[in-house]
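A.B. asks: What follows is a single structure, and I will ask about it in a moment.
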Amino acid sequence: MIVALISAALSVAAGLMSTSANRRARQFEFELERRRKQEDATETAERILNQYRDPLIDAAHTLQGRLFNIAAQGFLGKFYLQESNEDDKRYARDYTVYAIAEYLCWVEIVRREMRFHDLGDTKRHRELMASLTSIQYAFQRDDIPAVFQVFRGRQRAVAEVMMQPTNAVEGPRSECLGYAAFSRKLAGDADFQPWFAQLQADVETVAHGTTAQNIRLIYLQRELIDLIDFLDPTAVRIPPQFRHRLDEPTPALVATAAG
């Protein structure tokens with residue numbers, strides 16, 4: 001009798017130990033799978049960043065450079081308002097608009113790739129999205145004068161009309177229109193041109209505007225430099241001497257712009 005009881009107790013204990021071991025094994029396998037997915041997402045994020053880093057850096061650098069030249073060096077005064085050659089004047093206006101559209105296009109391409117691959121909460125993904133969101137907000141904020149204001153939906157719409165498929169089996173599936181193609185469509189495509197009419201008009205407004213009226217350019221340029229610093233931290237693509245940051249708006253300038 002005693003032997004039977006002991007045998008039963010040992011059997012129960014063995015069953016409990018087996019259940020516990022199985023549970024720990026399942027938890028271990030779950031944790032391995034979670035880490036594998038996290039590593040896969042991190043690797044995918046890095047691959048996408050590597051794939052699109054150069055065009056995104058180039059677009060951000062082109063736009064910040066144009067904004068810097070307008071805000072700090074009177075570019076539009078010299079090459080737009082005072083320019084007598086109509087072709088050069090049109091180029092000064094339209095390339096400014098193109099710089100905005102090109103940047104928005106590459107951002108949308110990157111966003112679509114990131115969303116397609118479901119990268120979750122990887123550190124690089126978070127940091128990139130935070131930087132892009134700051135620039136998105138600088139474009140759309142409505143507490144400052146409205147020049148170069150582009151709301152989120154319109155940012156994505158502008159990007160969409162600038163985007164063209166590569167038809168590539170591997171690598172980038174989309175790319176941005178070049179300036180020559182952009183110019184042709186701007187001049188001759190009745191469906192394309194309206195998306196840029198307000199930005200073209202804004203160039204005229206900015207050319208005549210004060211620093212306070214053009215404060216959005218300062219916010220955008222500073223945020224774009226932050227993005228470049230994130231994408232090119234060792235200054236391989238864009239040397240430090242080409243990353244001059246406009247001065248942060250003073251409280252008095254902010255108050256004047258808001259008023």
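A.B. asks: When segment 127-151 is examined, which residues are found to be over 23 Å from Glu204 (Cα atoms) and either over 12 Å from the mean Cα position of the chain (by Cα) or small (Gly, Ala, Ser) (or both)?
C.D. replies: Listed by number, the residues that qualify are Ala130, Ser131, Ser134.
A.B. asks: Same structure again: Considering each residue of segment 225-242, count those that are in a loop (DSSP other than H, G, I, E, B) and either of a type in the set (A, V, I, L, M) or without any contact (Cβ under 8 Å) to a residue 60 or more places away in the chain (or both), and give that number. Spell out the reasoning first.
C.D. replies: So in segment 225-242, the residues in a loop (DSSP other than H, G, I, E, B) come out as 232-239.
Still in the running and either of a type in the set (A, V, I, L, M) or without any contact (Cβ under 8 Å) to a residue 60 or more places away in the chain (or both): 233-236, 238-239.
Going through segment 225-242 one residue at a time, the tally reaches 6.
A.B. asks: Output the number of residues of segment 134-168 satisfying the condition of being buried (at least 16 other Cβ atoms within 10 Å of the Cβ) and part of a strand (DSSP E or B).
C.D. replies: 1
A.B. asks: Considering segment 61-91 alone, what residues qualify as being in contact (Cβ under 8 Å) with a residue 40 or more places away in the chain and of a type in the set (Gly, Ala, Ser)? Lay out the reasoning, then the answer.
C.D. replies: Narrowing segment 61-91 to residues in contact (Cβ under 8 Å) with a residue 40 or more places away in the chain: 61-65, 67-68, 70-72, 76-77, 80-81.
The answer is Gly65, Ala71, Ala72, Gly77.
A.B. asks: When the residues of segment 169-196 are narrowed to those that are out of contact with any Cys (no Cβ under 7 Å at 6 or more places or on another chain) and part of a strand (DSSP E or B), which ends up modelled with the highest pLDDT? Outline the logic, then answer.
C.D. replies: Here is the first cut: in segment 169-196, the residues out of contact with any Cys (no Cβ under 7 Å at 6 or more places or on another chain) are 169-175, 177-196.
Next, only the ones that are part of a strand (DSSP E or B) stay: 174-175.
Working: Ser174: 87, Glu175: 93.
Result: Glu175.
A.B. asks: Among Gln73, Gln64, Gln82, which is farther than 21 Å from Arg184 by Cβ, of a type in the set (S, T, N, Q) and surrounded by 21 or more Cβ atoms within 10 Å (Cβ to Cβ)? Steps first, answer last, please.
C.D. replies: Working: Gln73 fails: surrounded by 21 or more Cβ atoms within 10 Å (Cβ to Cβ); Gln82 fails: surrounded by 21 or more Cβ atoms within 10 Å (Cβ to Cβ).
Unique residue meeting the criteria: Gln64.
A.B. asks: Okay, next question. Is it fair to say Thr205 is closer than 24 Å to Gly65 by Cβ, among the β-branched types (Val, Ile, Thr) and either modelled with pLDDT of 95 or more or surrounded by 15 or more Cβ atoms within 10 Å (Cβ to Cβ) (or both)?
C.D. replies: Values: closer than 24 Å to Gly65 by Cβ: yes; among the β-branched types (Val, Ile, Thr): yes; either modelled with pLDDT of 95 or more or surrounded by 15 or more Cβ atoms within 10 Å (Cβ to Cβ) (or both): yes.
For Thr205, the condition - closer than 24 Å to Gly65 by Cβ, among the β-branched types (Val, Ile, Thr) and either modelled with pLDDT of 95 or more or surrounded by 15 or more Cβ atoms within 10 Å (Cβ to Cβ) (or both) - is met.
The values are calculated or read from the model by the stated rules, or taken from the named source; none is laboratory data. As the structure is a prediction and not an experimental result, all values here were calculated from the model. No Cβ is skipped: glycine too gets one built from the backbone with ideal geometry, and neighbour counts run over all protein chains shown.
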